[in-house]
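The values are calculated or read from the model by the stated rules, or taken from the named source; none is laboratory data. Predicted, not measured: the structure shown is a model, and the values here were computed from it. Here Cβ is always computed from backbone atoms with ideal geometry, including for glycine, and neighbour counts include all displayed protein chains.
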Amino acid sequence: MSQQVLFTRRGLLGYAGGGLLAGAMASLLGRDALARGGGAALGSRLHHSPRVRRVIHLCMAGGPSHLETLDEKPELARRDGEPMPESFTRGQQLAQLQGQALRCFAPQHPFQTFGASGQRISALFPSIGAHADRLCIVRSMTTDQINHDPAHTLMNTGSGLSGRPSMGSWTTWGLGSETQDLPGYVVLTSIGRGGQMQPIAARQWSAGFLPGRHQGVHLRSSGDPVLYARPPAGSSLEDQRRLVDATAALDRAEATRTGDPELATRIAQYEMAFRMQTSVPELMDLGDESRETLELYGTEGADGSYAANCLLARRLAERGVRFIQLYHRGWDHHGGIKRSMEITAREVDQATGALLTDLARRGLLEDTLVIWGGEFGRTPMAQGNGRDHHIKGFSLWLAGGGIDGGTSYGGTDELGYAAVDRPVHVNDLHATLLHLLGLDHERLLFRFQGRDYRLTDVAGRVVRPWLA
Amino acid sequence: MTGLSLLLLALVPGDGAASEDAVVSFDREVRPLLSDRCFECHGPDANAREAGLRLDEREGLFGTAHGVPVVAPGRPEDSVLFQRITDEDPLQRMPPSTSRHSLLAGEVDLLRRWIEQGAPWEGHWAWSAPQGSGAVDVDAHIDAALEAAQLEPRTPTDLRTLVRRLSWDLTGLPADLEDLRRLERGELALEGFVDQLLASPHYGERMTQHWLDLVRYADTVGYHGDQEWTVWPYRDWVLRAFNENMPFDRFTVEQLAGDLLPDATMGQRVAATYNRLNMVTFEGGSQPKEFLLKYAADRVRNYSSIWLGSTVGCAECHDHKFDPYTTRDFYALSAFFADIDEVGVYGNFQGRKVPPEMRVAYPADQARLDALARALVGAEREATVWDDDLREARALWERDLLDRARSGERREVEWVGASQGNGGRDQGDWRWDDSVRRGEVRTRVQQGAETVQHFFLGADRTLTLGEGDLLFAWVRIDPEDPPQELMLQFHRDGTWEHRAVWGGPRIPFGPVGQDAPARRPQGALPPVGEWVRLEVDPASLGLLEGSPVDGMAFTQFGGRVHWAEAGVETRVPDLVFGGLPPAARAALLAGEGERDSAQAAQLDARFLAETPLRAEQREALERARADHDALDASLPRMVATVSVAPREVRVRPRGNWMDDSGPVVQPAVPAFLPQGAFPTERRATRLDLARWTVSDANPLAARAFVNRIWRLLFGAGLAADPQDLGTQGGRPTHPELLDALAVEFVAGGWDVKALIRRLVLTRTYQRSSRLTPELAERDPYNRLLARQARFRLDAEFVRDGALASSGLLAATLGGPSVKPYQPEGYWAQLNFPLRRWRADAGEGLHRRSLYTFWCRTFTHPALLAFDAPSREECVSARNRANTPQQALVLLNDPSFVEAARVLAQAVVAREARPQERVAHLFERVLTRAPRAEEVALVLELVAAEQQRYVADPDAARALLAVGESAALDGPDPAELAAWTQAARLVLNTGEAVTRS
């Protein structure tokens, strides 16, 4: 509906030439519909001055164990093999461990002190650790959904129900785009060798009920990077240019005849589509990256690895993409967590550290928010020699613009079960993310089926102590 | 949506501050305002209600607060409501400054005038029975409102545009040019044309496309691994129902409760699969209880969206904020569906089963199946009739067997040779090694660090063993890498507890260290580097009892071993295969006196299975069985709705599935709605719900349906949000018209085709869609329908249109979903199991998009780009976005490039002159002739492209090779490529994908 409102309004202005009528319409449309120009304009709903211009979300899909990454628990090590005290687990939700004897399972990897701030991080992550003074480590995350699919949906949309817009879509809807050549919201995925690969549904980057142009675009590592962005065989870019020009000419004539304002938008979208046919290959071609940079990330090219995706994330950030999401799909360590964690950490650590280094030295980190974490954590109890899904307490870190680096926030109990010190819900994370982008999560509203929806559903508060 | 009522006000001449004496409508103006700004804290949700003040009900609105009337009719100054919204003290003023709500001066003024006018109260328009009688004059309703607003309606549109509009709206396909000519020549009247469209099978396809969005139909389960399931027979049932014009009340009852109807037909049972179209999960570790509640909530959301036009789903965690639906109503609605046989978490994603499932056999198929079953019984009888000749042969057969068993030579009978060959399932790694043979026969190589094995199970060709037989298997041990233990295992009656071992013990199977049938040591490992026959006495493994052997495993610990033929050495090779139980074989060989009657019958059966005297009958029997089984296998097994004892349903406080403290509820329809003849003396069923839904008691079903049909034909509903007829959804622009149409629809027997026919034959439908500056200014949303709507076609019709105008579209109706072209790797994110989209060959590439395989997590990207929904939730009104992805699809998707080439072939083959080619191209795609400047523009493109393709014939051939359909032989490739580009141009225009 709002989509229609906006377009119709544009058409209206086209005829009425703004003025009185524009004023009337603006008051009619109220807070949801600030003026936006053609398809390429930089519309914005900024509520206050932003600390960052873009977000890079490094999503560790499958649910990384906080106990082997960011949350050190010596007491759990001491109680290895002992029954998990019932006081922790009574009446709590379990996934695959339901009905089984629950035993403490010691952390499988040692922790180490990093940086001047002395942050404690698993020794498996030396490259991330090297940025310890830039990180705000949150050790008191909680979520409501204990299975991957609904938990990802919650992490992306603020609700476990399907059909709501994802945070990337809310962001581009709220702030518009800074690039004319690429979509404002881009998603990259990579697989791992250290765990079951998580299926990731396209709904995770869906615009839900927001206008379709705010949908995330999946930048694929095999086949064509952007679906349908390659001209058909036998049709060169010059052919495509002629075709797009001729289409625009016919559409313009039709617009004059019919007064349909959609056609003007359409012509602009064709221009964007045409540019993507060249901007995407240019983006994906790492030939202009130095040897040193490739080695820093640990990649040879756009091979679909997490490392290559980190490098692409930087290139996307440079080109003005607003919301960049990287999925590493290998964190579901139900069994063999000791070995799997080594493999997965190796796949992720160097490139993540490289991304922070590279963003910082190019001056991009100061207006980028980087978030690293999964959809939930893992149990302090053993599942064989692995860990089950866990929602009562898990960890993640943030870095970049507006973030108070070298700090830790919140904590779990002595066994790493429940977030007891200043718990943070996913909705709070979203509220803070929007805040850093200059948006008030309680005022970023979209009316759908008679209700004002927002990313934070009916909850969420900005976690001020994270902010510099 | 409050903007709407204001907008309508603004349309009244002399807009701006409404005049003092204009009559304020409570339902149209006041309630929407109160709902939007006040109900969150003073509405239906008891838990969120502040100060005990409730404004959504008449009692609360006209009650008192601290002894002062909330609303004192005629006296705003004495009304708490008015006092509080105008209080000078910002801390006292409502809505609170801390909320996101506020009231504009004009809105405060509206409330004042309403109270001054005596505060007349009306119920919400949608919650009482629709009013109306007699034939409805749609145009009169529309024209009256236009006249009141002093808006001039547009003129009737031209015939070609109208024909195109009707074709898109009623069939989802471009206009048929032959029909157009007949209409233009006066050989076909418009009414006749409409009837022809409604009678076309494509009408059903178009309506089904809409219905599938509502019921969230898809070919996959939705959650996590998003596994495939079979529900397409439901889609075909919908298709047939629309084409046969099944009355909408029956259509409703059969979907909600077809399985509960007395003597339910196959069609009714298929229809009832509606109840199982919700997303389900296979994800290990999910809590069944939690997911059962997710499914229950999903059904309430879907049912109430479709048939109540209501957002009852909001009441899962709290009473509805705006409408009088309580949490209790939500769970009571969900209790209707508690009888559906299902589990919370489905297992075995490899098996792709979502039980219960049923075989779909419609009467014609069932009759054929019954006939084949009867033929099978007859053939069985023919093959087993005894006569004297047969008895004589039977005696001879037995004597011969006995002679050989006593004195004959022993012979090797192969069970595994150059292939497994027994019909069982292979497991483990059967690594055939053609380079190493024993004699002529190839062998299998097996190597590993620890226990490795290959085996088969469930053989059709079973092994019957007896006294004096010897089991064998040939092996050759690699001298460089010998194993530590070898093992042969045999499977019968569901167990592998029959083992023979050489060397070891290392293999951790069976009672290690004992000497028992389950692990019988045979001594040391055989010599290395040569072929050795391992031999075992079957009696020592307990294989002379029970059923015949149906599996064999070849196991080793470490090393590298070649395994060759295996089988049995026996005096009676004729008795080894054929399924005779070992005891019956023993009884046969022991002589006539030793048999019981069952054994005698088994021996007779064995004889009948091989005697040449019954060869012909046996062949006939095999044919009869094959025919029966083939038909049976061709009938789909689909997810079914089966009613069982209902699960207990409780209110779940705050929607928390672990909270069992809420009261148990019985099935009931929302308490504030009229209950009609709803049963109270027994537990109500889905059938009761279905019947109530389409009864006079329910004020919502007919309104919701008519409103949706209106939206399909006019671009927007009379009530703007087809999924929300509640207080927040926006009052209809023409409430009396919507009511009258709903009444007429029900009175006319819920006749869907009649409803559509009468709407498209109105002047209002047939108006021009061209926007004038006046209309753009006065009614930009076209709420008063002074013109027809223009909107982009739905995703499916965008592609179907390209296929149809090129002539590529396959006409087949229904059947399993199909897979057209889809970019490689698009399914790479799926797992459990990993999947790959394999495009169909042949007509599956060119079927209507309605039939495209609908994957919920990865919906076909070309459809998704044009706002096709993922079908996870009910969608009544798709987005109509305008994105670069749409341009990329139209430009580069092989479906469209191929369609352009085939279209170019048709145009080039038909017309020789370039101008006429352009004309034909426009006519096929846009149903109109090109203008002179358009001809010039297309020809300019053709000239440029032709020049370029003459210079690069390889590029021309490459373009023409896109798509699987045959490229035309003959014409100059450069010319055809240039015209293909011209066809792409026309298919890419906004006009080609717009219904106007």
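Across region A:273-303, the qualifying residues are those that are closer than 23 Å to residue A:226 by Cα and outside any helix (DSSP H, G or I), and the one among them that is farthest from the other protein chains (Cβ to nearest Cβ) is A:289. Within the option set B:368, B:359, B:299, being touching a residue at least 60 places away in the same chain (Cβ under 8 Å) and under 22 Å from the mean Cα position of the chain (by Cα) holds for one residue only, B:359. Would you be able to tell me the number of residues in region A:335-360 that are crowded, with 24+ Cβ neighbours inside 10 Å and not in a helix (DSSP H, G or I)? The total comes to 0. State which residue is farthest from the chain's Cα centre (by Cα) when the search covers only region A:123-167 and only residues that are over 19 Å from residue A:433 (Cα atoms), in a loop (DSSP other than H, G, I, E, B) and at pLDDT 95 or above. Going through the qualifying residues, I end up with A:123. Restricted to region B:412-455, and to residues there that are assigned to a strand (DSSP E or B) and among the acidic types (Asp, Glu), the residue that is farthest from the chain's Cα centre (by Cα) is B:412. Here residue B:860 passes the criteria (1) in contact with a strand residue (DSSP E or B) (Cβ under 8 Å, 6 or more places away or on another chain); (2) more than 11 Å from chain A (Cβ to nearest Cβ); (3) of a type outside the set (Phe, Trp, Tyr); (4) free of Cβ contacts under 8 Å to residues at least 60 places away in the same chain except the one numbered (2). Pairs meeting the criteria (first residue in region B:952-967 and in a helix (DSSP H, G or I), second residue among the basic types (Lys, Arg), beta carbons under 6 Å, at least 6 apart or on different chains) are B:960/B:901.
In region A:401-418, the residue that is farthest from the other protein chains (Cβ to nearest Cβ) out of those that are among the small types (Gly, Ala, Ser), in a loop (DSSP other than H, G, I, E, B) and surrounded by fewer than 24 Cβ atoms within 10 Å (Cβ to Cβ) is A:406.
Yes/no per residue for (1) free of Cβ contacts under 8 Å to residues at least 12 places away in the same chain; (2) of a type in the set (Gly, Ala, Ser); (3) not in a strand (DSSP E or B):
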{"site": "A:392", "(1), (2), (3)": "no, no, yes"}
{"site": "A:399", "(1), (2), (3)": "no, yes, no"}
{"site": "A:420", "(1), (2), (3)": "no, no, no"}
{"site": "A:428", "(1), (2), (3)": "no, no, yes"}
{"site": "A:431", "(1), (2), (3)": "no, yes, yes"}
{"site": "A:435", "(1), (2), (3)": "no, no, yes"}
{"site": "A:444", "(1), (2), (3)": "no, no, yes"}
{"site": "A:455", "(1), (2), (3)": "no, no, yes"}
{"site": "A:458", "(1), (2), (3)": "yes, no, yes"}
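Out of B:257, B:271, B:264, one residue alone is more than 14 Å from chain A (Cβ to nearest Cβ), part of a loop (DSSP other than H, G, I, E, B) and either within 30 Å of residue A:151 (Cα to Cα) or at pLDDT 95 or above (or both). It is B:264. Quick check, is residue B:471 buried (at least 19 other Cβ atoms within 10 Å of the Cβ) and either part of a loop (DSSP other than H, G, I, E, B) or modelled with pLDDT under 90 (or both)? Considered against the rule, which asks whether it is buried (at least 19 other Cβ atoms within 10 Å of the Cβ) and either part of a loop (DSSP other than H, G, I, E, B) or modelled with pLDDT under 90 (or both), residue B:471 comes out as no. When region B:734-786 is limited to residues that are away from chain A (no Cβ under 14 Å) and among the polar types (S, T, N, Q), the one that is surrounded by the most Cβ atoms within 10 Å (Cβ to Cβ) turns out to be B:764. The single condition among (1) in a loop (DSSP other than H, G, I, E, B); (2) without any contact (Cβ under 8 Å) to a residue 60 or more places away in the chain; (3) not hydrophobic (A, V, I, L, M, F, W, C) that residue A:270 does not satisfy is (1). Selection of region B:512-533 for residues being under 21 Å from residue B:450 (Cα atoms) and surrounded by 13 or more Cβ atoms within 10 Å (Cβ to Cβ) yields B:518, B:519, B:520, B:521, B:522, B:525, B:526, B:528. Taken over region A:199-240, the criterion of being among the aliphatic types (A, V, I, L, M) and either in a loop (DSSP other than H, G, I, E, B) or more than 7 Å from chain B (Cβ to nearest Cβ) (or both) is satisfied by A:200, A:201, A:207, A:210, A:217, A:219, A:226, A:227, A:229, A:233, A:237. Filtering region A:241-252 to residues that are more than 7 Å from chain B (Cβ to nearest Cβ) and among the aliphatic types (A, V, I, L, M) leaves A:244, A:248. Within region B:902-914, the presence of a residue that is in a helix (DSSP H, G or I), within 12 Å of another protein chain (Cβ to nearest Cβ) and either of a type outside the set (Asp, Glu) or touching a Cys at 6+ places or on another chain (Cβ under 8 Å) (or both) is excluded.
Only residues that are among the basic types (Lys, Arg) and either part of a loop (DSSP other than H, G, I, E, B) or under 20 Å from residue B:875 (Cβ atoms) (or both) were counted in region B:287-328, giving 4.
Reported count of residues in region B:639-682, each being under 23 Å from residue B:255 (Cα atoms) and either surrounded by 12 or more Cβ atoms within 10 Å (Cβ to Cβ) or polar (S, T, N, Q) (or both), is 19.
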